[in-house]
Amino acid sequence: MNRKLLALACLAALALSACNKPAEPAPAPADAPKAAEPAAPAPAEPAPAPAAEAAPAAFDAAAFAGTFSGTLPCADCSGIDTKLELKADGSYGLDESYQGKKDGTFKGDGTWTAEENGKRVRLDPNSKSDDDRLFEIVSKDEIRQLDQEGKAIDSQLNYSLKRAAAAH
């Protein structure tokens, strides 16, 4: 039974290949003796793709590292002064000061990773009681806080942190 199926499959493949005859004869294998026909000109090399169509370069997390700061919205205060230092080694430090709150200063640290080929940053805090935080990479100089699901926060309030000028 298996031989009949194999023979039938071979016949079907042969029949299908006969329907798709190539316009030119197939080239002889490299180890076959060459006929006395003139050699066909080599096909032209395809032109390189324009730069706009080239695959995007991989995100360089070490080059993106830096300090971002700004004032994020606060539900029960006038704002949260935020300073986020993304370090080239993949760690981060976070300082938050809740404006007008006594004992409203918090520090955090952990690791950060770029996701979606550099479209998003995930902060993974060392304190496992804290949730991960997500930021959209708007540009090399701006990140914007996202909600817990990684979606933009639907608000007119400013959730952006801007890159701080490098200290000289």
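Odds and ends about this structure:
- Within region 80-94, being surrounded by fewer than 16 Cβ atoms within 10 Å (Cβ to Cβ), in a strand (DSSP E or B) and acidic (Asp, Glu) holds for no residue.
- Within region 102-115, being outside any strand (DSSP E or B) and among the acidic types (Asp, Glu) holds for one residue alone: ASP103.
- Subset of region 95-105 (residues that are under 18 Å from LEU161 (Cα atoms) and surrounded by 14 or more Cβ atoms within 10 Å (Cβ to Cβ)): ASP95, GLU96, SER97, TYR98
- Within region 124-164, the set of residues being of a type in the set (Lys, Arg) and either assigned to a strand (DSSP E or B) or free of Cβ contacts under 8 Å to residues at least 60 places away in the same chain (or both) comprises LYS128, ARG133, ARG144, LYS151, LYS162, ARG163.
- The lone exception for GLY118 - which of (1) surrounded by 15 or more Cβ atoms within 10 Å (Cβ to Cβ); (2) part of a strand (DSSP E or B) it fails: (2)
- Residue identified as under 18 Å from GLY90 (Cα atoms) and hydroxyl-bearing (Ser, Thr, Tyr) among SER127, SER160: SER127
- Count of region 62-79 residues, restricted to those that are modelled with pLDDT under 95 and outside any loop (DSSP other than H, G, I, E, B), is 3.
A quick yes/no check of all residues on (1) of a type outside the set (Val, Ile, Thr); (2) under 20 Å from PHE59 (Cα atoms):
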position	(1), (2)
SER91	yes, yes
LYS107	yes, no
THR113	no, yes
GLU116	yes, yes
PRO125	yes, no
ASP154	yes, no
TYR159	yes, no
LYS162	yes, yes
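- Subset tally (residues that are surrounded by 12 or more Cβ atoms within 10 Å (Cβ to Cβ) and at pLDDT below 95) for region 133-146: 0
- Pick from region 57-79, criterion exposed (fewer than 14 other Cβ atoms within 10 Å of the Cβ) and hydrophobic (A, V, I, L, M, F, W, C), ranking: nearest to the chain's Cα centre (by Cα): ALA58
- Scan of region 71-87 for residues that are at negative phi and not charged (D, E, K, R), ordered by number: THR71, LEU72, PRO73, CYS74, ALA75, CYS77, SER78, ILE80, THR82, LEU84, LEU86
The values are calculated or read from the model by the stated rules, or taken from the named source; none is laboratory data. No experiment lies behind these values; they were computed from the predicted model shown. Every residue, glycine as well, gets a Cβ built from its backbone with ideal geometry; the counts of neighbours run over all protein chains shown.
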